Structures are given as C-alpha cells and as structure tokens.
Amino acid sequence: QVQLVESGGGLVQAGGSLRLSCAASGSISRFIVMGWYRQAPGKQRELVARITSGGTINYGDSVKGRFTISTDNARNTVYLQMNSLKPEDTAVYYCNTAVLAGIYWGQGTQVTVSS
C-alpha cells in the first residue's frame, strides 16, 4: 500500500507562484512514474506533468514553460513548481504514482488563482 500526501495548494493572484509537494510513504521501493494531474469543475482530469524513474518528463500543453516537476528520490517526494499562474489553472491537483504494486492517487489539493 502506498500513501500520497499533498501539500502546498492555496489561493494566489494571477501571475503568482505556488509549489506543490507530494510525499509518498508505504511500500514504495522505486517508482515507475510520479506526476501531477488536475481537475477543474465540470472538466475531465488532465495531465499536468509527470516524470519517470529514468528521468523522462512530460508536461501538459497548457503548462509548458510555466510549471516544473522535480523529485527527491531519497524522500520519495515529487514537487510541482508553478509560476505565472493563470485563473484557468484553478483546479484540484492530484498526485499520482505508479509502482510495481499498482497505481495510487493522493487526496488532492485545491489551487485557486484569482484574476
């Protein structure tokens, strides 16, 4: 069993920055992929950014150049640095990881960007 605990969400003005953190605990020896997804009201969950154990990174088109994903493997933690935030970035952000035992999701953290 893997537990994912997110932190760092909140309310920020447009143009501002936030950093999300996701700490993984439990039976995780090495992740296959860790990442962030988001879901805005009335919309489908979408990829924000993900990173594989080999270091391959993918970003959603709408966040390229503004968001940066990174990991601290020693702490089983993944970060999402979000800069130049826009009102359309408002959503619940979910941490996700895939390990040999399965795929796991965090409980989500709300990010609200005011105009």
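Computed over region 1-97, the Cα gyration tensor eigenvalues convert (square root of 5λ each) into semi-axes of 23, 14, 13 Å, ordered from largest to smallest. DSSP beta bridges confined to the chain are antiparallel in about 90 percent of cases.
Counting only protein heavy atoms and a 1.4 Å probe, the chain has 52 square angstrom of accessible area per residue. Descending by average beta-carbon neighbour count within 10 Å, the peptides 53-61, 76-84 line up as 76-84, 53-61, the highest first.
The values are calculated or read from the model by the stated rules, or taken from the named source; none is laboratory data. What you see is a predicted model, and the numbers here were worked out from it, not measured in a lab. Virtual Cβ from ideal backbone geometry, glycine too; neighbours counted across all protein chains shown. Calculation scope for accessible area: heavy atoms of the full protein, side chains included, ligands and nucleic acids excluded. Shrake-Rupley method; radii C 1.70, N 1.55, O 1.52, S 1.80 Å.
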